[in-house]
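Remarks on the structure that follows.
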Amino acid sequence: MPAFRTLDDVQVNGRRVLLRVDLNVPMENGRVSDATRIQRVAPAIKDIADKGGKVILLSHFGRPKGRDAKHSLKPVAAAVSEILRRPVAFAEDCVGPVAEDAVARMKPGDILCLENTRFHPGEEANDPDFVALLARLGDLWVNDAFSAAHRAHASTEGLGHVLPAYAGRTMQAELEALTRALEQPERPVAAIVGGAKISTKLDLLGNLVSKVDTLIIGGGMANTFLAALGKPVGRSLCEQEKVTAASEVVARARTRECEIILPIDAVVAQKFEARAPSRVVAVDDVGNDDMILDIGPRSVEHVVSVMARSKTLVWNGPFGAFELEPFDTGTIETAEAAAELTQAGKLVSVAGGGDTVAALNAAGVADRFTYVSTAGGAFLEWMEGKPLPGVEILRAS
Ligand code: AMP
């Protein structure tokens, strides 16, 4: 465990705990349509409440420009209450008299959700005056929002400068998983990077080549690497202007003794749609009208053999256009193999990033990985090797 202060290091009984959570959940028709994020923070809320702490929930919700009803956390607070099966009070502001009165009424074990922090410009500006107003409401600050930790906002970072700061249970689990995956991993370490475009993942690739033993590249972005090697890519998604950048990643990997694995065969089709007629070809034989939409069976075998000789796997991005059957096959088969190795105790598998979670859920393997992070931007910035302000502030120095 890295040197982070956690809920194990603090007495919360009778104290006002400002708990930063990520309640930025998807809504449909005024109701929460995916409660995963609420379920993930439920343990920290219960933990503090059961120990007699007064739980004061802080979160942003969407990107409001000032106060507006559409971005109110009120319906989300109701969903939190349903999931916890406990009353959750709501205050129509996160600072000032409304919030202060609501906090003053709390008894040990009570839960209160404050209104969207982004209704105040001081939140994103990390304005010290706004931080001071928030800090008046609590005796300590617990950050359980890893997914917002790449932002230095008042409630995600600023509070840590003025109140005693601790990692919540989800944050703690995330930090432990990430540490096992890249900071102090069991070697050999393999990383899978897939997804659409290399342009969004250059920083990530640059960091990984210096940290992992094997870098497996798949998805649309592999096409740019294949083009860099002079392979035909037909009408595939390929960023010609990034061919040089791809060659640089390969050259850098060589100096770092990081092996790069690219597809050796591909599933190609002439239409980008589900069940489009397709065939398997070697990467040397992609035709002018072909689009590479998935890795082929020999590539799957190769990836599985690399995973089998690795002890740790970090995964971001699908191997193909997984939303369209049957171009999800490469992602499903490799994910299934990673899940089996994990369950057999042979592999630590950590995955994350928006589409990756969707792909692993579609493959039905997410709960058999060691850890799947629901954080999007924060997970990617961590993979890029960037310090996350909301994590750095929790270090026990
Ligand atoms: P990202 O958000 O960068 O992880 O990219 C995920 C997206 O990449 C998904 O929507 C996939 O459908 C897409 N993708 C993966 N492989 C391919 C491919 N070979 N051609 C086109 N799109 C792809």
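The values are calculated or read from the model by the stated rules, or taken from the named source; none is laboratory data. Source: prediction; values computed, not measured. Neighbour counts run over all protein chains shown; Cβ positions are idealised from the backbone, glycine included. Each accessible area value is taken on the protein alone, full model and side chains, heavy atoms only, with ligands, DNA and RNA left out. Shrake-Rupley method; radii C 1.70, N 1.55, O 1.52, S 1.80 Å.
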**Q.** Leading residue by the ranking (nearest to the ligand (Cβ to nearest atom)) among those in segment 350-395 that are touching a Phe, Trp or Tyr at 6+ places or on another chain (Cβ under 7 Å) and of a type in the set (S, T, N, Q)
**A.** 356
Q.
Restricting to segment 209-235, and then to whatever is touching a strand residue (DSSP E or B) at 6+ places or on another chain (Cβ under 9 Å) and in a loop (DSSP other than H, G, I, E, B), can you tell me which residue is farthest from the ligand (Cβ to nearest atom)?
A. 213
Q | Residue satisfying all of: in segment 36-58; in contact (Cβ under 8 Å) with a residue 60 or more places away in the chain and touching a strand residue (DSSP E or B) at 6+ places or on another chain (Cβ under 7 Å); farthest from residue 106 (Cα to Cα) among these | A | 44
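Residues are listed down the side, and each one gets a yes or a no for (1) over 28 Å from the mean Cα position of the chain (by Cα); (2) more than 15 Å from the ligand (Cβ to nearest atom); (3) more than 14 Å from residue 216 (Cβ to Cβ):
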{"site": "267", "(1), (2), (3)": "yes, no, yes"}
{"site": "277", "(1), (2), (3)": "yes, yes, yes"}
{"site": "288", "(1), (2), (3)": "yes, yes, yes"}
{"site": "299", "(1), (2), (3)": "no, no, no"}
{"site": "303", "(1), (2), (3)": "no, no, no"}
{"site": "310", "(1), (2), (3)": "no, yes, no"}
{"site": "317", "(1), (2), (3)": "no, no, no"}
{"site": "320", "(1), (2), (3)": "no, no, no"}
Q: Looking at (1) touching a residue at least 40 places away in the same chain (Cβ under 8 Å); (2) more than 26 Å from residue 51 (Cα to Cα); (3) crowded, with 17+ Cβ neighbours inside 10 Å, find the lone condition where residue 75 falls short.
A: (3)
**Q.** Enumeration of residues in segment 345-371 that are under 13 Å from residue 310 (Cβ atoms) and open to solvent by 60 Å² or more (accessible area, probe 1.4 Å)
**A.** 346
Q.
When the residues of segment 155-202 are narrowed to those that are touching a Leu at 6+ places or on another chain (Cβ under 6 Å) and among the small types (Gly, Ala, Ser), which ends up nearest to the ligand (Cβ to nearest atom)?
A. 191
Q. Quick one: is residue 245 surrounded by 15 or more Cβ atoms within 10 Å (Cβ to Cβ), within 16 Å of the ligand (Cβ to nearest atom) and of a type in the set (A, V, I, L, M)?
A. yes
